[in-house]
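The values are calculated or read from the model by the stated rules, or taken from the named source; none is laboratory data. Keep in mind the model is a prediction, meaning the values are calculated, not measured. Here the Cβ positions follow ideal geometry from the backbone for every residue, glycine too, while neighbour counts run over all protein chains shown.
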Amino acid sequence: MKEEILHYIWRYQLFVSHQFLGDKGERIQVVKPGTHNKNEGPDFLNAQILVDGLSLHGAIEIHNKSSDWIAHKHFNNKHYDQVILHVVYDLNGEIFLADGTKPIQVEMKEHISNEIFHKAKLLLDSKNFIPCRMLRPRNTQLNFREKGFLERLIIERYEKRAALLENKLTDLVDWPQLFCWSLFRAFGATANKDAFGLLGQFCNHKIVLREAKSLKNIEALLFGISGLLSHSAQDKYHESLQEIFHYQEKKYALSLPPKILWNFSKMRPVNFPSIKIAQLAHLIYLLKGKLFGLIEVGQINQWVNHKVAFAASDYWRMHTHFGRESKKIPVMAGKQLKNNLLLNAILPFHFFYHKKYGQIDFENYASWLGRMSPEKNKVTRAFEKMNIYCKNALESQAILQLHKEYCILGGCLRCFWGHKILCGK
């Protein structure tokens with residue numbers, strides 16, 4: 001029996017009978033099961049029980065067997081002196097506190113429904129892409145729009161992104177440079193996010209601001225720092241960018257990154273790093289280098305309402321690499337790329353920035369995401385097989401968070417849907 005299942009059953013009091021007897025014959029009634037403790041110490045804090053009618057307040061510790069108390073050396077740990085009840089699946093011996101007191105013990109074995117135990121074990125042991133897929137009763141509608149589940153998932157997702165940005169802020173120090181790193185990284189999508197992140201880290205936002213008056217200058221800066229200019233000139237365009245970058249390198253005493261590894265394989269030309277860098281250069285040029293302005297509400301609304309357009313320069317319509325001609329390439333930034341930048345850079349950064357200053361309004365994010373198209377990927381397609389369809393990005397982002405932080409990590413007992421399947425409510 002996994003202790004995680006025992007914790008779950010105790011937390012929600014999912015017993016077939018609540019007439020508990022202690023190991024010495026005491027009549028036990030649970031008034032409050034306590035608050036689940038995820039830190040050091042007993043499993044549940046601030047619990048209340050009645051022992052033969054006498055009210056006791058304190059902590060609850062849960063184990064598979066009584067002997068686990070000894071194995072874990074709780075008898076020698078002052079955190080456990082507050083334990084008023086030791087709840088076990090299998091009662092197999094006495095236990096002691098540090099002062100020699102014997103806490104009351106209760107055996108759960110006869111109070112647990114075989115059905116709940118079986119379902120919980122199937123969920124936690126499932127190897128399915130979505131663990132509950134085969135357990136969902138046909139007449140049970142799994143709706144993540146109820147009881148705040150969707151909102152909880154979105155907030156969890158943004159909190160996770162905020163933690164990533166918080167860690168990176170200690171390295172990059174200032175806000176505009178952090179946003180530069182975040183935006184660039186989003187341009188790389190999955191295949192090149194680390195490479196673009198490195199590019200954003202070494203593109204000083206103050207230099208970007210100065211050079212953004214000229215599209216060719218900003219192209220030279222980005223391609224130069226990326227390392228894609230370093231080969232011998234293949235044509236006049238390549239040569240001109242090299243000349244500009246050599247001047248920039250001396251003028252600003254640029255610090256260059258170690259060799260950036262760019263991934264061109266197994267993707268369409270429109271997603272090649274060279275095309276994305278050229279598109280990024282045009283976006284910077286249109287913004288006059290003021291990238292940080294993208295987190296302003298007015299700018300976000302422009303993006304959400306599809307009123308933003310940027311594209312790689314004309315050279316890239318017929319080239320995938322410097323000097324390498326190709327069939328015509330659609331260089332205008334598509335809806336998918338712009339949504340990706342919103343979802344993975346602009347909105348998470350907006351959340352993080354305003355969280356730092358105590359100005360979070362969830363309704364803003366619900367409105368923005370609710371007006372955006374849902375993502376389409378293997379995760380959303382898997383949920384569609386369960387007749388769960390996303391109407392917008394608010395719902396697809398929630399689905400992605402659900403799968404990443406619950407389905408993959410075996411968090412079924414923390415999941416609203418898992419709870420509904422186990423309890424039927």
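Being in contact (Cβ under 8 Å) with a residue 40 or more places away in the chain and outside any helix (DSSP H, G or I) is true for just one of Leu222, Leu198, Leu256, Leu209. Which residue is that? Write out each step before concluding.
Working: Leu222 fails: outside any helix (DSSP H, G or I); Leu198 fails: outside any helix (DSSP H, G or I); Leu209 fails: outside any helix (DSSP H, G or I).
Within the list Leu222, Leu198, Leu256, Leu209, the selection yields Leu256.
Looking for something among the aliphatic types (A, V, I, L, M), under 27 Å from the mean Cα position of the chain (by Cα) and over 26 Å from Asn392 (Cβ atoms) - is there at least one such residue anywhere in segment 267-275? Yes, because at least one residue in segment 267-275 is among the aliphatic types (A, V, I, L, M), under 27 Å from the mean Cα position of the chain (by Cα) and over 26 Å from Asn392 (Cβ atoms). His63 - would you say it is in a strand (DSSP E or B) and either over 34 Å from the mean Cα position of the chain (by Cα) or in contact (Cβ under 8 Å) with a residue 12 or more places away in the chain (or both)? Considered against the rule, which asks whether it is in a strand (DSSP E or B) and either over 34 Å from the mean Cα position of the chain (by Cα) or in contact (Cβ under 8 Å) with a residue 12 or more places away in the chain (or both), His63 comes out as yes. The residues on offer are Gly323, Gly289, and the sole one that is at pLDDT below 95 and closer than 20 Å to Asn217 by Cβ is Gly289. Residues that are surrounded by fewer than 19 Cβ atoms within 10 Å (Cβ to Cβ) and under 18 Å from the mean Cα position of the chain (by Cα) were ranked within segment 365-374; the one that is nearest to Ile155 (Cα to Cα) is Ala366.
If you check Phe179, Phe187, Phe144, which single one turns out to be closer than 25 Å to Ser367 by Cα, crowded, with 19+ Cβ neighbours inside 10 Å and at pLDDT below 95? Quick ask: steps written out before the conclusion?
Working: Phe179 fails: at pLDDT below 95; Phe187 fails: at pLDDT below 95.
From the options Phe179, Phe187, Phe144, the qualifying one is Phe144.
In segment 316-404, counting only helices (runs of 4 or more DSSP H) that sit wholly within it, the ones holding 2 or more residues that are of a type in the set (S, T, N, Q) and touching a residue at least 24 places away in the same chain (Cβ under 8 Å) span 335-341, 393-402. Entry remark, segment 100-134: residues being over 15 Å from Asp23 (Cα atoms), in a loop (DSSP other than H, G, I, E, B) and over 30 Å from the mean Cα position of the chain (by Cα) number 2 in total. Confirm whether Lys119 is under 26 Å from Thr380 (Cβ atoms), modelled with pLDDT under 95, buried (at least 19 other Cβ atoms within 10 Å of the Cβ) and out of contact with any Asp or Glu (no Cβ under 8 Å at 6 or more places or on another chain). Spelling it out, Lys119 is indeed under 26 Å from Thr380 (Cβ atoms), modelled with pLDDT under 95, buried (at least 19 other Cβ atoms within 10 Å of the Cβ) and out of contact with any Asp or Glu (no Cβ under 8 Å at 6 or more places or on another chain).
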